[in-house]
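The values are calculated or read from the model by the stated rules, or taken from the named source; none is laboratory data. These figures come from a predicted structure and were not determined experimentally. Neighbour counts are summed over all protein chains in view; Cβ atoms, including those assigned to glycine, are modelled from backbone coordinates with ideal geometry.
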Amino acid sequence: MASATRPRENLVQPPEEHWRPPRYDNRDGWGGIKSAALRFLDLQAGTVWDDLSTELPKVTGSVLDAGCGLQPYRRLFSTEARYLGIDTSDSKAHFGYEAPDTRYFSGNKWPVKNQSMDFILSTETLEHVPEPLVFLREAFRCLRPGGRLLMTIPFAARWHFAAHDYWRYTPAGLNLLLTKAGFEKVEIFARGNQLTVACYKVMAFILSLLFPLHPQPAFRWLLRLSGFLGMPLLAFAAILANLTKGIDGSVDCLGYTVWASKKSSKKK
């Protein structure tokens, strides 16, 4: 119900977005340098990269990247991994992503054979899935017995791709969904801590001032000036966050890195 004293925005119709996650070109050369700089400022992406750059080079066998977007983490896999990226046929219209060697599909069923994958990766995707349990059951179907699933899930992330950003999960909720889908040995690790989240919010606020969407030009320039004056604080928050993001603090965090396994068929 709207306030009697001032109009309130009905968020069923998503507002115009001030920010969307930047595109990453994690190849060598200038694209890699630019992406490294973006990860320094985009703490969500930076913490995801930290975790995946440690784990993905160890992966071998058949790899499925579900909701792969522009495949920013493909280069982290070793040459011993056989990579396949899949994404929804709506990804270009909804998120602006399209990669030439991605297998696109519509509906809920993935274009992957039963029990054909040793490892499934899904990064910052589950929040955009209208039916997350169906998604996780598809991952379970495609994994071989003994296979593993690795996901990254945002928690303190801002509302992004607003019309298609549906969920924020707690560890209890993630564990519930994964066990319902059939997975076992669920492990959930926080990315960042309370201080990382505080720095993230300060940085997001200053960046919103630097790139305002206010309809009045004079007010936009006033906001930009305020953002410019806040740039030393932006730099300090970025440095502090990157120096301390590895400290555990799971009460509040940027997001989660999640492991789960499909039970092996081997009998002991």
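Close contacts from region 87-102, counting a first residue that is in the same structural domain as residue 63 (by TED's automatic domain parsing) and farther than 15 Å from residue 135 by Cβ and a second that is assigned to a helix (DSSP H, G or I) and among the basic types (Lys, Arg), with Cβ to Cβ under 9 Å and a gap of 6+ residues or different chains, come to 98/92.
Could you check region 214-239 and list, in sequence order, the residues that are of a type outside the set (Gly, Ala, Ser) and loosely packed, with under 11 Cβ neighbours inside 10 Å?
Result: 215, 216, 217, 232.
Taking the criterion of being among the hydroxyl-bearing types (Ser, Thr, Tyr) and more than 30 Å from residue 138 (Cβ to Cβ), the residues of region 219-268 that qualify are 226, 244.
Within region 145-155, being more than 22 Å from residue 43 (Cα to Cα) and either among the aromatic types (Phe, Trp, Tyr) or surrounded by 22 or more Cβ atoms within 10 Å (Cβ to Cβ) (or both) holds for 147, 149.
Okay, residues lined up against (1) at pLDDT 95 or above; (2) surrounded by 13 or more Cβ atoms within 10 Å (Cβ to Cβ):
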| site | (1), (2) |
| --- | --- |
| 95 | no, yes |
| 98 | no, yes |
| 101 | no, no |
| 108 | no, yes |
| 112 | yes, yes |
| 120 | yes, yes |
| 123 | yes, yes |
| 140 | yes, yes |
| 143 | yes, yes |
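Of all residues in region 178-203, those that are surrounded by fewer than 19 Cβ atoms within 10 Å (Cβ to Cβ), touching a Phe, Trp or Tyr at 6+ places or on another chain (Cβ under 8 Å) and of a type outside the set (D, E, K, R) total 3. Find the helices (runs of 4 or more DSSP H) located wholly in region 150-268 whose residues include 2 or more that are in contact with an Asp or Glu (Cβ under 8 Å, 6 or more places away or on another chain) and over 25 Å from residue 13 (Cα atoms), and list them. Where helices (runs of 4 or more DSSP H) fall fully within region 150-268 and carry at least 2 residues being in contact with an Asp or Glu (Cβ under 8 Å, 6 or more places away or on another chain) and over 25 Å from residue 13 (Cα atoms), they are 194-210.
Got a sec? Which of 85, 61 is on the phi > 0 side of the Ramachandran plot and at pLDDT 95 or above? Only one candidate qualifies: 61. Of all residues in region 31-79, those satisfying the criterion of being in a helix (DSSP H, G or I), aliphatic (A, V, I, L, M), farther than 24 Å from residue 234 by Cβ and touching a residue at least 60 places away in the same chain (Cβ under 8 Å) are 52, 56.
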